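Worksheet for the structure shown next.
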Amino acid sequence: MQSFGYVKATGTDKALAGFAVNARFIAGGTTLVDLMKLGVEKPSGLVDINLLPLDKIEPTASGGLMIGALVRNSDLAWNSTVKERYAVLSQALLSGASPQLRNMATTGGNLLQRVRCAYFREPSAGQPGGYGCNKRVPGTGCAAMDGFHRVHAVLGTSEHCIATHPSDMCVAMAALEAVVHVEGPNGKRTIAFADFHKLPADTPQIENALAAGELVTYVELPKPVEGAKSAYLKLRDRASYEFALASAAVVARVEGGRVRYVRVALGGVGTKPWRSHEAEAALMGKEATEANFRAAAEAALRHAKVRRDNAFKVELAKRCVVRTLKLATTA
Amino acid sequence: MDMTVAPDLGIGSSIVGKATSRIDGPMKTTGAAEYAADFHFPGMVHAVPVTATIASGRIVKLDSSVAEKMPGVLLVLDHGNVGKLYRTVPGDQNATNSEVRAPLEDEIVRHWGQYVAVVVANTLEQATEAAAAVKVEYEALPANVKASLADYDGKRKSVSKRGDPDKAFEAAPVKVDQTYITPVETHSPIELHASVVVWDGDRVTMFETSQGVVNHRVVMAQVLGLPVENVRVVTRFLGSGFGGKLFPWPHAALAAVAAKKLDKPVKLSVDRRMMFASVGYRPRTEQRVKLGATKDGKLLAVRHDYLNNTSILDDYDEGCGEATPYLYSVANLEVTSGLVKRNMGAPMYMRGPGAVPGLYATEAAMNELAGELGMDPVKLRFLNDTDKDESAGGIPFSSRHYRECLETGAQKFGWERRTPGIGSMRRDGKILGWGMAGASWVALRLPCTAAVEFCDTGRVCVRCATQDIGTGTYTVFAQVAHEKTGVPLDRIDVFLGDSSLPDGPTSGGSMVTGSVLNAIARGAENAIKKLQELAAETEGTPLNGAKVETIAFTNGRLHAKDGAAGSGTSFSDLLKAAKLARISAEGKTLATWEDPKSKGFSLHSYGAQFVEVEWEPEIARLRVSRVVSVIDGGRIINPKAATNQIAGAVVMGVGMGLMEETIYDERTGQPINGSMADYLMATCADAPEIDVTFLNYPDPVMGEYGARGVGEIGLAGIASAITAAVHHATGVRVRELPVRIEDLLESKVV
């Protein structure tokens, strides 16, 4: 049996001190425990951070919102400030997983969700005789390339990994330009959301900018853009409990019929929460028309790379972007 | 759903036919109901299978030396030390097994996930870890798990034939000739398969997830080489099976061998990943349907040639032609079947086997024919309705109200408001698609025995070795016992799911209700007769000395026929006076095929399914929004449970139409979407508005209660009604299930 240490940290300093090589912080456990059961994660120890005072949602001096890493997805989604001022985030959270999972899953944990690639989740992936998985064991190949990859990414892929980033919450946070606060052995620092998740490139095993032993403490949302509206739309095979085939988060302000501010992020199609500067550039200053939305969607997917079974995602994502732009720009 | 719940049930009220809440409901909601894996015994240990990681080949070396030394490990079973396990007698109707091969019989691997060893340890965690440490070396051969059945060898079996369908098709002025495909679907009940085995000397008790404890016992006796009386099989509650738990799977015998060798109770619970590889699935079907018709829509020719995949050793025929030969009137018809071997586990009956995939194809073809004719699809079915079973020499149907199903469904759905143009119907900015299909399912009365017992405590017990697989069997049996005895429901105990009870049928084919109710009724009558005799004989009781034929039995009381119902004595007082604990009698049901009164009839249930889909082309989102299901299933004993069956089947049909497909990795043969997150089924959020109607005509041939059972028929026709609705909304004709977003992106409707 794979035995592991377990400590329940009572303060952030203690949590950081308790962290050892190959340990993991555990909060809601909805990803980590699942992967431990599958034999994908084999930590030497768990540092339980659930007692840390990181479960508050508080206004910041600059008019934004500071979200503790332990705030549960449900609590964040139903928070009245989030619902009113960051609707895209509430909608994204409520479109994810199931109520039971959302009650457990935390803000920090959601940032660190692992991919849902069937091969990555195979117990023997990356082992001799098992499926190739560069994320599990670099250099062993990628079984998804020619395998079951209908749900895999078309943006940000590399020849080493095409797994889709599964989070809905992160797509909204990308569009909101959130900032991730972390604390580690070398102190505190902040990471811009766009820099937090890493593209697979040649190192698909590195998924984010956290250094060893660094703990996510808060996610900060900037002050809402004056006059902007936002929306999240998720498209999938069934109405609930399924990861996105394509999703979009939009924050936009239209004045006099023209787009004066816009942020577009895509989910379900990228190897990380996919902020589309291309779509934004195509829209800025343009009239808020269907034709311009379509042009923005085309721009967002221009560099899509498809495999045998996931080509449909390109068109689906475009339709998703167009509809979400409409939702965020109409009264 | 409209539902009238029976009011508080007074003594003597007849509740057969009334919506009745489940008598086992409180046990389930409080956790008191014990499912197979809930059984624990002192000293119980845990078995975990080691499964093949190739789909074809041979085990060259199986090294369990590391595993055996791991903490808590007690035993590693493999081909070398499993000992004698036998096959079941071919063709033995009382011992139907899921797989031909006995577990660990040889060292050949024929499908991914095949059990190659079993590790037993003190805890589940120890056994799991040790199972992963068993090293197996294989000599792998190329495996074939290809979805397409194009490599079929050309051998066909004619299932049903009349006239000259090929000639008639050639000459027909209007034709449809299409191939329809259904993918592999995995049963996926919420309760995992499990066996808990306890030996007492050479007698064994097996707590099983079984839809048929009597058959399971006979199979286990044969496989383990035991006299049948030494085996007892118990399934008190089942977290559903959908057919996947009809017959034993290899894990049961392996758990029994391990328990015997260790002389300890053993639990083996099949995990979800294994459930996708080793306990059956509905095979892929490829069905070519040819329909020839006159310009007026009268069928001239039907040809239905289907293929399904099967495993290497098992010749499983899905039986897609089940409903084809009798549903419509046509002079020229042939149904043929063909099998294609795959390196996959054995297929197994899944809700509405044969008829459900078969009717998907034939009813989809009927809808296409209606399109060719420019005719309303309901009218096309009226036109080809029949009043005799033309496949069986024109014998009459016992009770057939197919036309009324169609009429009632059309009326409830509002079908006359349908405009046939593609994308022509709109509501709230969404495009509506309306489609329909017919449904049918076989009915049979299986031979069985039930016992009814009166106790001095005032309680009545019903006993039968059949099962409640989550459908409400406990409750309908209690309803009939109540009707016959007048004893209120809360004083009726129903005992099922134990092979030591009087022989009852396997819970399959929607046949338990229609079969067992007759036996219970006869058992109650026979037991009441004994009470009447006892009343006449027992000194010091009010009816002592009376002639038996003058004694009536009303609401649990024995009284003079010409006296008031409240006079005389209660049966419990009578038993006490006679110093008897209980008095019991059996009743039997005669099989329909043995009963002269039913022999000459074609017995089937019928239905009509009407489906509305909503289509948003802007975001390629399609959802089933409304279903009207009208069922002619004989008399409905418990409308609440029956409605639940049909509504559940409708939701399953949404999954079949739009989501379900087991996908095999062609390189390894592994079902690669084998988890509840990745194998998509309809969720509660996908459930449409469902309107269930029962015509409620008793089937006189089925016996006193006229019930035919409603477990399967609700699923029949749903997928073809969905694909018709999808075509109506989107213009896309999907002939390979499930309908996917990829297909719908082709739609030109805006």
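Points to keep in mind about this one:
- Residue identified as within 16 Å of the chain's Cα centre (by Cα), outside the structural domain of A:LEU245 (by TED's automatic domain parsing) and not hydroxyl-bearing (Ser, Thr, Tyr) among A:LEU52, A:LEU89: A:LEU89
- Out of B:LEU268, B:LEU226, B:LEU238, sole residue that is assigned by TED's automatic domain parsing to the domain that holds B:ALA102 and farther than 29 Å from B:GLY711 by Cα: B:LEU226
- Test: residue in region A:293-304 that is touching a residue at least 60 places away in the same chain (Cβ under 8 Å), surrounded by fewer than 21 Cβ atoms within 10 Å (Cβ to Cβ), under 21 Å from the mean Cα position of the chain (by Cα) and over 19 Å from A:PHE193 (Cβ atoms): yes
- For region B:517-530, a tally of residues being in contact with a helix residue (DSSP H, G or I) (Cβ under 7 Å, 6 or more places away or on another chain) and buried (at least 24 other Cβ atoms within 10 Å of the Cβ) returns 3.
- Number of the condition not met by B:GLY709 [criteria: (1) at pLDDT 95 or above; (2) buried (at least 24 other Cβ atoms within 10 Å of the Cβ)]: (1)
- Looking across region B:666-695, the residues that are within 30 Å of B:GLY409 (Cα to Cα) and small (Gly, Ala, Ser) come down to B:ALA682, B:ALA685, B:ALA687.
- Of the residues contained in region B:271-280, one or more are found to be among the aromatic types (Phe, Trp, Tyr), on the phi < 0 side of the Ramachandran plot, touching a residue at least 60 places away in the same chain (Cβ under 8 Å) and in contact with a strand residue (DSSP E or B) (Cβ under 9 Å, 6 or more places away or on another chain).
- For region A:75-97, the criterion of being within 14 Å of chain B (Cβ to nearest Cβ), touching a Cys at 6+ places or on another chain (Cβ under 6 Å) and within 27 Å of A:LEU38 (Cβ to Cβ) is met by no residue.
Conditions tested, residue by residue: (1) of a type outside the set (A, V, I, L, M, F, W, C); (2) closer than 30 Å to B:LYS69 by Cβ.
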position	(1), (2)
A:GLY11	yes, no
A:ALA23	no, yes
A:PRO53	yes, no
A:GLU58	yes, no
A:MET66	no, no
A:ALA77	no, no
A:LYS83	yes, no
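- Members of region B:389-434 found to be in contact (Cβ under 8 Å) with a residue 40 or more places away in the chain, closer than 30 Å to B:LYS599 by Cβ and not polar (S, T, N, Q), listed by number: B:ASP389, B:GLU390, B:ALA392, B:ILE395, B:PRO396, B:PHE397, B:ARG400, B:HIS401, B:TYR402, B:GLU404, B:CYS405, B:LEU406
- Subset of region B:128-162 [part of a helix (DSSP H, G or I) and more than 10 Å from chain A (Cβ to nearest Cβ)]: B:ALA131, B:ALA133
- Selection count where residues are surrounded by 14 or more Cβ atoms within 10 Å (Cβ to Cβ), under 18 Å from A:GLU41 (Cβ atoms) and more than 14 Å from every other protein chain (Cβ to nearest Cβ), scope region A:1-14: 1
- Annotation: of all residues in region A:107-118 being more than 8 Å from chain B (Cβ to nearest Cβ), of a type outside the set (A, V, I, L, M, F, W, C) and part of a loop (DSSP other than H, G, I, E, B), the one that is surrounded by the fewest Cβ atoms within 10 Å (Cβ to Cβ) is A:ARG114.
- Pick from region B:264-284, criterion assigned to a strand (DSSP E or B) and among the aliphatic types (A, V, I, L, M), ranking: farthest from B:GLN114 (Cα to Cα): B:VAL266
- Scanning region A:191-206 for residues that are over 19 Å from A:LEU70 (Cα atoms) and surrounded by fewer than 22 Cβ atoms within 10 Å (Cβ to Cβ) returns A:ALA192, A:ALA194, A:ASP195, A:LYS198, A:LEU199, A:ALA201, A:ASP202, A:THR203, A:GLN205, A:ILE206.
- Residue list for region A:322-331, restricted to those being of a type in the set (Val, Ile, Thr) and either within 10 Å of another protein chain (Cβ to nearest Cβ) or within 16 Å of B:ILE741 (Cβ to Cβ) (or both): A:VAL322, A:THR324
- Taking the criterion of being surrounded by 15 or more Cβ atoms within 10 Å (Cβ to Cβ) and not β-branched (Val, Ile, Thr), the residues of region B:568-579 that qualify are B:GLY568, B:SER570, B:PHE571, B:SER572, B:ASP573, B:LEU574, B:LEU575, B:LYS576, B:ALA577, B:ALA578.
- Residue within region B:181-188 that is farther than 21 Å from B:MET344 by Cβ and not charged (D, E, K, R) present: no
- Test for B:VAL233: is it surrounded by 22 or more Cβ atoms within 10 Å (Cβ to Cβ), in contact with a strand residue (DSSP E or B) (Cβ under 8 Å, 6 or more places away or on another chain) and not in a loop (DSSP other than H, G, I, E, B): yes
- Taken over region B:665-696, the criterion of being more than 9 Å from chain A (Cβ to nearest Cβ) and closer than 15 Å to A:ARG150 by Cβ is satisfied by B:PRO671, B:TYR679.
- Scan of region B:678-693 for residues that are touching an Asp or Glu at 6+ places or on another chain (Cβ under 8 Å) and among the hydrophobic types (A, V, I, L, M, F, W, C), ordered by number: B:LEU680, B:MET681
- Residue check, B:LEU658 closer than 30 Å to B:ASN343 by Cα, crowded, with 24+ Cβ neighbours inside 10 Å, touching a residue at least 24 places away in the same chain (Cβ under 8 Å) and not basic (Lys, Arg): yes
- Selection within region A:241-275 - in contact with a Leu (Cβ under 6 Å, 6 or more places away or on another chain) and over 13 Å from A:SER167 (Cα atoms): A:VAL250, A:VAL259, A:VAL262
- Filtered residue count, region B:582-632, keeping only those that are outside any strand (DSSP E or B), more than 25 Å from the chain's Cα centre (by Cα) and more than 30 Å from A:ARG319 (Cα to Cα): 3
- Total residues in region B:540-555, condition out of contact with any strand residue (DSSP E or B) (no Cβ under 6 Å at 6 or more places or on another chain), surrounded by fewer than 20 Cβ atoms within 10 Å (Cβ to Cβ) and closer than 23 Å to B:VAL462 by Cα: 2
- In region A:134-150, the condition of being within 14 Å of chain B (Cβ to nearest Cβ) and closer than 19 Å to A:THR31 by Cα is met by no residue.
- Picking from residues in region B:731-743 that are out of contact with any Pro (no Cβ under 8 Å at 6 or more places or on another chain) and within 11 Å of chain A (Cβ to nearest Cβ), the one that is surrounded by the fewest Cβ atoms within 10 Å (Cβ to Cβ) is B:GLU742.
- Looking across B:SER629, B:SER602, B:SER625, one residue alone is within 14 Å of another protein chain (Cβ to nearest Cβ) and polar (S, T, N, Q). It is B:SER625.
The values are calculated or read from the model by the stated rules, or taken from the named source; none is laboratory data. For clarity, every value in this text was computed on a predicted model and none was experimentally measured. We place every Cβ from the backbone using ideal geometry, glycine too, and count neighbours over all the protein chains shown.
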